[in-house]
């Protein structure tokens with residue numbers, strides 16, 4: 001009999017099942033992209049008898065050993081990730097996470113760091129989970145800024161078209177490039193493109209709830225077409241000053257300032273099309289710009305006139321009763337490219 005009282009208290013080593021809560025929390029914390037598949041194969045607790053030396057049997061894994069990490073933010077959720085998840089490599093993981101939070105409203109779910117670099121992080125934007133890490137060229141994880149761009153675009157969908165405008169504005173304010181401003185498309189969605197400061201392109205989209213009017217019923221299918229040297233400026237003039245509502249803007253993929261096609265609806269009926277002048281290979285774009293004349297039938301003659309005066313637009317005729325419309329009213333202005341716009345109550349009677 002030994003004199004050591006601890007020898008008398010010592011019990012044979014045997015396998016014990018850990019508490020379920022402890023096991024679940026441990027698995028959640030270790031469930032990184034590198035080890036997830038292997039950990040899911042492990043039993044909840046070791047099974048079988050102790051070996052001859054009294055040691056409990058151990059489960060083995062072929063997973064790549066991970067370095068020491070520090071976890072910040074919320075503990076990684078125990079639920080599994082979607083079957084397909086985008087994994088972003090960036091040149092500054094910590095800064096990128098801060099950008100996505102400020103610009104896209106991202107919620108950071110977990111972050112693991114080692115020696116000042118983000119080795120794995122997860123964040124949620126509008127219900128979609130994304131993975132992120134710093135670039136690790138040694139294992140093939142390159143940031144777009146190293147490669148001069150990315151061949152993959154990330155799509156972020158919203159239910160409300162107003163969210164497209166809000167996120168676009170927020171992202172640009174935080175340092176993203178606004179590659180395509182928000183605009184309703186003919187396929188029924190409002191779309192915008194941004195490229196974040198880390199080289200990734202995001203397509204922002206939402207279905208447009210309001211049904212477009214039947215344009216043939218609105219204006220008989222005949223549309224005046226404006227050939228504009230500066231189509232974006234013309235679009236701003238038509239909406240902000242004259243009062244048109246932009247419906248569609250189709251841009252050249254090589255130059256977002258070039259309008260291939262666009263439609264502007266007058267609220268009381270009628271559509272005007274705007275395209276960029278001098279587009280190669282397009283005979284309609286070769287017409288001389290600044291020589292168009294458009295007449296708009298409206299009861300808002302004075303409201304249009306007031307907006308023109310406030311914007312410093314050249315007024316050719318102040319609101320007056322024209323000879324061709326006794327008791328009516330009309331006015332005219334000239335836009336910055338020379339086109340004449342007339343607004344009057346005359347409906348052809």
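The values are calculated or read from the model by the stated rules, or taken from the named source; none is laboratory data. Quick caveat: nothing in here was measured; it's all calculated off a predicted structure. Cβ sites come from the backbone with ideal geometry, for glycine too, and all protein chains shown count toward neighbours.
Test of understanding: among 83, 121, which residue is more than 17 Å from the chain's Cα centre (by Cα) and part of a loop (DSSP other than H, G, I, E, B)?
Sole residue among the options that is more than 17 Å from the chain's Cα centre (by Cα) and part of a loop (DSSP other than H, G, I, E, B): 83.
Can you tell me which residue in segment 147-188 is nearest to residue 86 (Cα to Cα), limited to those that are touching a helix residue (DSSP H, G or I) at 6+ places or on another chain (Cβ under 6 Å) and either free of Cβ contacts under 8 Å to residues at least 40 places away in the same chain or in the same structural domain as residue 263 (by TED's automatic domain parsing) (or both)?
Looking at the filtered set, the residue picked out is 178.
Among the residues of segment 303-321, count how many are crowded, with 16+ Cβ neighbours inside 10 Å and more than 12 Å from residue 243 (Cβ to Cβ).
2
In segment 139-193, what residues are touching a strand residue (DSSP E or B) at 6+ places or on another chain (Cβ under 7 Å) and part of a helix (DSSP H, G or I)?
Those that are touching a strand residue (DSSP E or B) at 6+ places or on another chain (Cβ under 7 Å) and part of a helix (DSSP H, G or I): 161, 163, 164, 165, 167, 168, 171, 172.
Residue-wise test of (1) assigned by TED's automatic domain parsing to the domain that holds residue 156; (2) surrounded by 15 or more Cβ atoms within 10 Å (Cβ to Cβ); (3) farther than 15 Å from residue 202 by Cα.
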{"residue": "88", "(1), (2), (3)": "yes, yes, no"}
{"residue": "99", "(1), (2), (3)": "yes, yes, no"}
{"residue": "110", "(1), (2), (3)": "yes, yes, yes"}
{"residue": "116", "(1), (2), (3)": "yes, no, yes"}
{"residue": "121", "(1), (2), (3)": "yes, yes, yes"}
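Any residue at all in segment 312-328 that's at pLDDT below 95 and in contact with a helix residue (DSSP H, G or I) (Cβ under 8 Å, 6 or more places away or on another chain)?
No; the residues of segment 312-328 include none that is at pLDDT below 95 and in contact with a helix residue (DSSP H, G or I) (Cβ under 8 Å, 6 or more places away or on another chain).
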